[in-house]
Amino acid sequence: MSKFVHQNSQSVHRIYYPRSVILRPEYFDLNLMKKHPGIILTAIGAALLVSCSSPYQPESSPNPWEDDYSAVASMEHSGKWGTYNVHDPAVCKVDSVYYMYSTDAIYHKRRNHDGERRDGEKRKKKHERPAPPGFIQVRKSRDLVNWEFVGWAFPEIPAEAVEWVKSHDGGRAPGNIWAPYMVDCGNGKFHLYYCVSSFGKSISYLGVAESESPEGPWRQLGPVVRTDSTSVMNAIDPSVINTADGRRYMHYGSFFGGLFCVELNPETGLPLSDGDQGKLIARRSGVMKDNQEAPEIIRSPKDGKYYLFTSYDPLMTTYNVRVGRSDSPDGPFVDFFGKELADTTDNFPLLTAPYRFENHPGWVGTAHCGVFADADGNYYMAHQGRLASEPDMMVLHLRPMFFTPSGWPVVSPERYAATEARKFDTRDIAGDWEIIRLHEPTADRNLAAGQILWGEGALRDGEWNISKPYTLRNDGSIADDAGRWSFDGDSQSLALTFGDETIEDVIVFAGHDWERSTNTILFTGLDHDGRTVWGKRIK
């Protein structure tokens, strides 16, 4: 069989015909046309459609939701939260439903005595928040676009966790539960890991609860790891993985000592060896200044390697995601240049960072990720994104994730909106683009406890990743002598040359342009320094 491919602004149509009819020239004689007029005319018509089809153009498509959710941020509108008030998300697929669990962070507009917002205003109390009906936000979705806010997992902070923190922090009680992570045990039971901590200190309780439903109710099983002011590590930010051979590992930690890995008993959800706090797997040298936290662990079925995602820098501003990989779930993990993550060096690749495309104020705090796959083996990364114009406002960013030919993960420059998949050819790539080359923060900040202080939400010079316009011409050049490009239709990949640098294996795919409310062509890849390159066609 052979096929003609017709591309229009809506979809890709493949029309199949017997190879003998299309390719054998004797079939186009008059007698055959009299005998089989329908087949011949249809084949000729399909050929004309191919030859006359126009290159792809971005198509108008409304965004699934608005980014500014101030009108529904308060507790009485929790049923409308959906993708709003999302902080530290973790996603687990159960049957045909995706469940998301996140820290119970809620946006509050800061006001002065006249009722007007005042930039930089500090809260009267570090943990100021309204009394909620529960702790740990729970959402669910069937399409990864529309999320239903289910409610809260716990009615209160577990008493044992409260007592641990109070007894080690001068009687001060914790105000919240952080960074939950749910695991499907595969036997009709679910384990929900969570942490309770004293902010800016290593006084923390990391516990686990169990239920027969991903929506609860949950019964407490006890502590997994507990730390105090004398501990090397900090018991927060759990990520858990079940291996193919039936073992379970938990990765956790923060700027206090680094990130650690401990083996768990998959039946009880607790450490395999009582009191085991695990071993060091990743750390940075700056400790209290150069923050590292929020480990996320997955295993890729494509190469069998374990990928450890971590978050760098302060969550309100320059928060960014890095990744390393290993042949074992407990390491050693190495980065893009073969350096071990347990060394005191900054690691690459750099996958996300604060960014701004045209027609939008931009996003900051783009980290603390959860990574998961759908039923078809497509990967996604979920993380918080904070509006640059209102950095206390936290919106779910869920991005398609891909693996380069060399095995490193990269993520989409835009959030997922269930855009119809399609293939492109060279003519589709030529046009006007916005391209961002991500870089790590360059400004030196004096942080408290590895994090920026609340209320200090503005990026400094050198911290933004801002798009630049480029025109990719039909002849393979980039306008204004900016470089050259080439496209491989078989692999749907792009090569970009800027000066002496050629960035290869850049992945091209269909996606949604949130800033312009259109469906368009996107790309993502890594340069030779392990930094992400993003692009979207705008015209």
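Just a few scattered comments:
- Separation between Cα centres of the range 456-482 and the range 303-354, rounded to whole Å: 25 Å
- FRET efficiency for Glu501 and Asp245, using Cβ-Cβ distance with R0 set to 41 Å, rounded to 0.05: 0.45
- Approximating the spin labels as points 7 Å out from Cα along Cα→Cβ, the Val94-to-Ala173 distance works out to 2.9 nm.
- Gyration tensor verdict on the range 290-404 (Cα atoms; rounded if a/c is under 1.5, prolate if a/b is larger than b/c, oblate otherwise): oblate
- To the nearest 10, the accessible area of Val196 is 0 Å² with a 1.4 Å probe.
- All other residues whose Cβ lies under 13 angstrom from that of Phe403 are scored, Lys and Arg at +1 and Asp and Glu at -1, for a net of +2.
- Seen from Lys279, the other residues with C-beta closer than 14 Å to its C-beta sum to a net charge of -3, counting Lys and Arg as +1 and Asp and Glu as -1.
- Solvent-accessible area, 1.4 Å probe, carbon plus sulfur percent, for the range 219-369: 47 percent
- Sorting Cys185, Cys369 on solvent-accessible area from highest to lowest, probe radius 1.4 Å, gives Cys185, Cys369.
- Sequence-distant residues sharing a close amide H with Val208 (under 5 Å, placed H): Leu221, Gly222, Val224
- Two-site label geometry, Ser300 and Thr230: point separation in nm, points 7 Å out along Cα→Cβ: 4.3 nm
- Normalised per residue, the volume of the convex hull around the Cα set of the range 348-408 (Å³): 109 Å³
- Listed peptides 354-365, 269-280 appear in the order 354-365, 269-280 once ranked by packing, highest mean of other Cβ atoms within 10 Å at the front.
- Placing R0 at 60 angstrom, the Cβ-Cβ distance between Asp488 and Arg142 gives a FRET efficiency of 0.95 after rounding to 0.05.
- Per-residue ³J(HN,Hα) for the range 237-251, Karplus 6.51 cos²θ - 1.76 cosθ + 1.60, θ = phi - 60°, Hz, x for Gly and Pro: 6, x, 9, 10, 9, 9, 8, 5, 8, x, 9, 9, 10, 10, 10
- Only beta bridges with both residues in the range 342-487 are counted; by DSSP, about 95 percent of them are antiparallel.
- Sorting Lys305, Lys189 by accessible area puts them as Lys189, Lys305; the probe is 1.4 Å, largest comes first, and only protein heavy atoms count.
- Residue order for Tyr470, Tyr84 - accessible surface, 1.4 angstrom probe, largest first: Tyr470, Tyr84
- Projecting label points 7 angstrom from Cα along Cα→Cβ for Ala373 and Phe403 puts them 0.7 nm apart.
- Volume per residue for the range 227-332 equals 106 cubic angstrom (convex hull of Cα atoms).
The values are calculated or read from the model by the stated rules, or taken from the named source; none is laboratory data. Keep in mind that this is a model prediction, so the values were computed, not measured. Neighbour counts run over all protein chains shown; Cβ positions are idealised from the backbone, glycine included. Heavy atoms of the whole protein, side chains included, go into the accessibility calculation; ligands, DNA and RNA do not. Shrake-Rupley method; radii C 1.70, N 1.55, O 1.52, S 1.80 Å.
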